[in-house]
Every structure is written in C-alpha cells, then in structure tokens.
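Enquirer: Below you will find the structure I want to go over with you.
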Amino acid sequence: ILIFFFSFSVTYGRNSSWIFFCEEDTRIQVIKLLEVLGRFDRSKEWFLGKALYDEESTIIHHYAFAENPTVFKFPDFAAGWALSIPLVNKLAKKLKSEPLKSDFTIDLKHEIALYIWQKGEGPHLTPVPEFCTHVNSYKADYCATTFSNFLPLCGEPVKKEDIFVAVKTCRKFHGDRIPVVKQTWEKEAALIEYYSDYADISIPTIDLGIPNTDRGHCGKTFAILERFLNHTSPRTPWLVIVDDDTLISIFRLRKLLSCYDPNEPVFLGERYGYGLGTGGYSYITGGGGMVFSRIAVQKLLASKCRCYSMDAPDDMVLGMCSSGLGIPITHSPLFHQARPMDYPKDYLSHQVPISFHKHWNIDPVKVYFTWLAPNTEESRDGKKVGYNREDL
C-alpha cells in the first residue's frame, strides 16, 4: 500500500479530500460515508478508522508497546479506513526521500499505523464509530460501512478427495502433537499423511530420509512436494502442508477453494512479506497452512529453485521461488500463524477462521472445537450461528 502513496498524491492531491481504503467485502453507504468524512477538517492530517488494539503484547506485532499495548490503535481494514489528502501528501514526500526499510511485513494494518504514527510525530488513528463490521445488527443503519463475514463460497465445495494433506512432524512431537490432530481435524481429511524423521507405524508416519532440524524445514518441505507429484493421484488437484501444531478446518477450506481454479498456479494462505520496499518478495507463512494447486507444485519443481540449505526457512524459500516464477502469492486473512488470543477480539469477531497455529499456553482441543469444528459452522441459510467463544 505504501508504495502507491506517491501516485495517490500526484493523481488526487489537488482535487480530492480523502483516500478511502476498504476490502472486497466491505459494504459502503456512500452518502453516509461522505457525511461522516465531512465532520473532519480536510485541510488537516487525519487517519480515520475502526480502532483495534492488542490486549497484551504479541509476537505478530513484534511485542510492540509491551508495557501497555492497548494504547496503540490500528485500523480494522474490513470496516474501511481513510487518510486526508494532506496526510497522503506528507507520507508521499517522506517515502520519496526515505525509502522503506527492508524488513518483515507480518500484519499490514498494524505496520501501516506504525508508519503513519512515525514514533509520535505523526497522527494516531482517530476512531470513527460509523466505520463498522456489524452484520444484521440494530446498529447497521447507523453505520457508513459494514462487512460481510460469511465464508467465501463460489460454487460447490471442493470434494474431500480433492485435497491431499501433508503434516510435518518429527519424532519428539509424536506423543503430544499428533494426538491433538487425531482428536480434532484429522477426520475431516480424506487423504492425509504424516511426514517425520522416524517411521512410527502406530500413527503412521513416513520417514522422508530428511533429518529433523531445529530451525527451517526446507529440505522436508521440498521432499513433500516431490512426493505429492510422484506418489499421489494426478487427479488430486490440491495440496495442503501444515505443521503438527496447526489447527485447521478442512471443512471450511473446501468452501474457500471453490473460489480458485486448480488449473491455475495457486499458492494460498496467510501472506507475509520480506523486504517489500526494496525489491523483496511475499511468502505464505507455514504455520497457518500452505495451500498449493498441483500446477503450482509442478512449476516450482520444474524450476531450478531449491533450498540453499536443508534448514532454510521453507516458507520464505518457496516465496522466493514463487516470486521468480511469477506464481502469485494469494493472501487470505482466514489463515492464522498464531493463536486466537494473539489477535484482537473485535478482529476475530467478524471472521470465519480456517486455521490457527501453536499449542503454547492453550488447550488446543478446546480451541479447535470453539473456533474451527464443523459444528460451529454457518447455518443452512449461510448466516453464521453464535459461537460460544471463550477467552482462549
């Protein structure tokens, strides 16, 4: 988003008052929106949105504002957010003179707010109550924006048999992580295999001949890609690679995949970035689950792009490879690299999530049945039923 600010400034800087950003499912009452924006002096620097905040510091925000994370507000993109043209012009000028740093992009909405804030020299987010994510609420008439929080469905859900699930594990986690998978989402998968550094017939696991590494798992992941092409039916169009501590709803994923063409190279999940301001690349972060079409796997393996070391970060190497091959990295906010408690409650309240990651300091079985199990799914008319979501 930031790299477009100079273009926004040049194109709209003289004749417009605001730049308004929204998501594809944001619903806008244009007259109401103009009315709301009209309350603010357009000659000043404004950053407007529905405010989110962290209740405790979290890894996905690099533990920012650790002493009191509630003080820093960032926008819920689903409700839309707005920048006044004077602020856009100021940011465009800064970006022209000071190129973006080459580092990680993990949560765009938080990082945008940090960039605009400029360590206290720029504006904080101003909360606008009319920027909403309510659906069928008594407040909907009051809102300038609302958000459709239904799970995307573009046709018949993909068949169970069309998704092959690969679980990455290792011997030291066979006893505690694999039982969680078997108690939760394994039954949703028609085709599933567990890949380890040790063949355990009780699970069963498959030893890929790749030693376990403490850091990245590039060697293991590329071996899984090879096995998918060479040892599964060519009629199976989708591959999902997850960690052994990933909680995932295959039931919901089947609906989401109805929106994608398996005859195209698709690489889907939660998108992170590395060095995006300096010619870097995007990648799908592994913990939330990585989804590939068979065509994408074929293109990846047909190229000469491979791990620079066996313990390289697999998700980042795949991102580099995909970038070089022109395979688009497709982001879905329904995949999550962290636990439910690592996200603002108000952000998750309008989601139908597909995955969460990590078992640290939570009951993963309880998290699955609270957030992801099919019995918490939408009702038949497509409207979401009320969840009994506790603080997890």
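Enquirer: Can you pull the percent of Cα pairs in segment 1-158 with separation above 27 Å?
Expert: In whole percent, the long-distance tail amounts to 29.
Enquirer: Something else: Near residue 159, which lysines are there with a Cα under 21 Å away, not counting those fewer than 8 places off in the same chain?
Expert: By straight Cα distance, residue 159 reaches 182, 187, 255.
Enquirer: Continuing with this model, one more query. Which one of 79, 147, 118 has its Cα pushed farthest toward the positive end of the charge dipole of segment 3-147, where Lys and Arg give +1 and Asp and Glu give -1 at the Cβ?
Expert: It is 118.
Enquirer: So what J values fall out for segment 252-264 if you push phi through Karplus, 6.51 cos²θ - 1.76 cosθ + 1.60 with θ = phi - 60°, rounded to Hz, Gly and Pro as x?
Expert: 6, 4, 4, 5, 4, 5, 5, 8, 10, 8, x, 7, 9
Enquirer: Could you pull the Rg and Dmax for the chain, using just the Cα atoms, both in Å?
Expert: Looking at the chain, its Cα Rg and Dmax stand at 22.0, 69 Å.
Enquirer: Got a sec to turn the phi values of segment 10-18 into Karplus ³J(HN,Hα) couplings, 6.51 cos²θ - 1.76 cosθ + 1.60 with θ = phi - 60°, whole Hz, x for Gly and Pro?
Expert: Working through the residues one at a time gives 5, 6, 10, x, 9, 10, 10, 10, 9 Hz.
Enquirer: For the chain, give the magnitude of the charge dipole about the Cα centre (Cβ charges: +1 Lys/Arg, -1 Asp/Glu; no others), in debye to the nearest 20.
Expert: Details: 44 positive and 47 negative charges, 177 e Å.
For this selection, approximately 840 debye.
Enquirer: Would you kindly state how much longer the chain becomes between residue 3 and residue 39 on full extension, computed as 0.36 nm times their sequence separation minus their alpha carbon distance, in nm to one decimal?
Expert: Full-extension gain reported as 10.1 nm.
Enquirer: Using +1 at the C-beta of Lys and Arg and -1 at the C-beta of Asp and Glu, which of 357, 49, 284 has the Cα lying farthest in the positive direction of the dipole of the chain?
Expert: The residue sitting farthest along the positive end of the dipole is 49.
Enquirer: Going by average Cβ neighbours within 10 Å, how do the peptides 169-176, 263-270, 75-82 rank, with the highest at the top?
Expert: 75-82, 263-270, 169-176
Enquirer: On to the next question. Among all cysteines in the chain, which have no other cysteine Cβ under 4.7 Å from their own Cβ?
Expert: Cysteines lacking a close Cβ partner in the chain: 22, 170.
Enquirer: If you roll a 1.4 Å probe over the chain with all protein chains in place, what percent of the accessible area is carbon or sulfur?
Expert: Numbers: 9740 of 18640 Å².
On the chain, the fraction of accessible area on carbon and sulfur atoms equals 52 percent.
Enquirer: Now, a different point. Looking at segment 160-331 from every direction and averaging, what is the projected area of its Cα convex hull in nm²?
Expert: On the way: hull surface 38.3 nm².
Projected over every direction and averaged, the Cα hull of segment 160-331 covers 9.6 nm².
Enquirer: Another one. So who's got an amide H within less than 5 Å of the one on residue 373, skipping anything under 5 residues away but keeping other chains? H placed 1.01 Å off N, in plane.
Expert: Residues meeting the amide H criterion: none.
Enquirer: Now, a different point. Figure the gain on full extension for residue 70 and residue 28 (residue separation times 0.36 nm, minus the Cα-Cα span) and round it to one decimal in nm.
Expert: Contour length minus Cα-Cα distance gives 12.3 nm.
Enquirer: Right, something else. Over segment 3-147, what is the relative contact order in percent, taking alpha-carbon pairs closer than 8 angstrom and at least six residues apart?
Expert: The normalised contact order for segment 3-147 reaches 34 percent.
Enquirer: Hey, rough spin-label estimate for residue 199 and residue 261, points 7 angstrom out along Cα→Cβ, what's it come to in nanometres?
Expert: Result: 4.2 nm between the two label points.
Enquirer: Can you run phi through the Karplus equation (6.51, -1.76, 1.60; θ = phi - 60°) for segment 205-216 and list ³J(HN,Hα) in whole Hz, with x for Gly and Pro?
Expert: Ordered by residue, 3J(HN,Hα) equals 10, 10, 7, 7, x, 10, x, 6, 10, 7, 10, x Hz.
Enquirer: Pairs of Cα atoms under 8 Å, at least six residues apart: use those to get the relative contact order of the chain, whole percent.
Expert: 16
Enquirer: To the nearest 0.05, what FRET efficiency results for residue 11 and residue 295 with a Förster distance of 30 Å applied to their C-beta separation? Before the final figure, lay out the partial values.
Expert: Numbers: r = 37 Å, r/R0 = 1.22.
The calculated FRET efficiency here is 0.25.
Enquirer: Next question. Please give the Cα centre distance for segment 174-238 versus segment 83-159, rounded to the nearest Å.
Expert: Each part reduced to its Cα centre gives a spacing of 37 Å.
Enquirer: Does segment 184-238 come out rounded, prolate or oblate, given a ≥ b ≥ c as the square roots of the eigenvalues of its C-alpha gyration tensor, rounded meaning a/c under 1.5 and, failing that, prolate meaning a/b above b/c? Display every interim value, and only then the final one.
Expert: Working: a/c = 1.80, a/b = 1.24, b/c = 1.45.
Since a/c reaches 1.5 but b/c is at least a/b, the shape of segment 184-238 is classed as oblate.
Enquirer: Where the only charges are on Cβ atoms (+1 Lys, Arg; -1 Asp, Glu), what is the dipole of segment 160-331 about its Cα centre, to the nearest 20 debye?
Expert: 300
Enquirer: Counting each DSSP H run of 4 or more residues in the chain as -39500 (n - 2.57), what helix-only mean residue ellipticity at 222 nm follows after dividing by all residues, to the nearest 500 deg cm²/dmol? If you can, show how the numbers build up before the last one.
Expert: On the way: 11 runs with 99 residues, N = 392.
Theoretical 222 nm ellipticity from helices: -7000 deg cm²/dmol.
Enquirer: Let a ≥ b ≥ c be the square roots of the eigenvalues of the Cα gyration tensor of segment 240-356; is it rounded (a/c under 1.5), or, if not, prolate (a/b larger than b/c) or oblate?
Expert: Prolate is the answer for segment 240-356, as a/c is 1.5 or above and a/b outweighs b/c.
Enquirer: About the Cα centre, and with charges only on the beta carbon of Lys, Arg (+1) and Asp, Glu (-1), how big is the dipole of segment 3-147? Nearest 20 debye, please.
Expert: In debye, rounded to 20, segment 3-147 gives about 720.
Enquirer: While we're looking at this one, here's another question. Using heavy-atom solvent-accessible surface (probe 1.4 Å) with all chains present, what is the largest-first order of 160, 255?
Expert: So, going from the largest accessible area down, we get 160, 255.
Enquirer: Suppose all protein chains stay in the model; what accessible area per residue would a 1.4 Å probe give for segment 1-94, in Å²?
Expert: Heavy-atom SASA per residue in segment 1-94 reads 56 Å².
Enquirer: Can you tell me the FRET efficiency between residue 360 and residue 142 if r is taken as the Cβ-Cβ distance and R0 is 41 Å, rounded to the nearest 0.05?
Expert: Here the calculated transfer efficiency is 0.55.
Enquirer: So for the chain: antiparallel DSSP bridges make up what percent, rounded to the nearest 5? Walk me through the numbers on the way to the answer.
Expert: Values: 27 of 47 bridges.
Counting DSSP beta bridges with both partners in the chain, the antiparallel share is about 55 percent.
The values are calculated or read from the model by the stated rules, or taken from the named source; none is laboratory data. Values in this document were obtained by computation on a predicted structure and should not be read as measured data. Neighbour counts are summed over all protein chains in view; Cβ atoms, including those assigned to glycine, are modelled from backbone coordinates with ideal geometry. Accessible surface areas use protein heavy atoms only, side chains included; no ligands, DNA or RNA. Shrake-Rupley method; radii C 1.70, N 1.55, O 1.52, S 1.80 Å.
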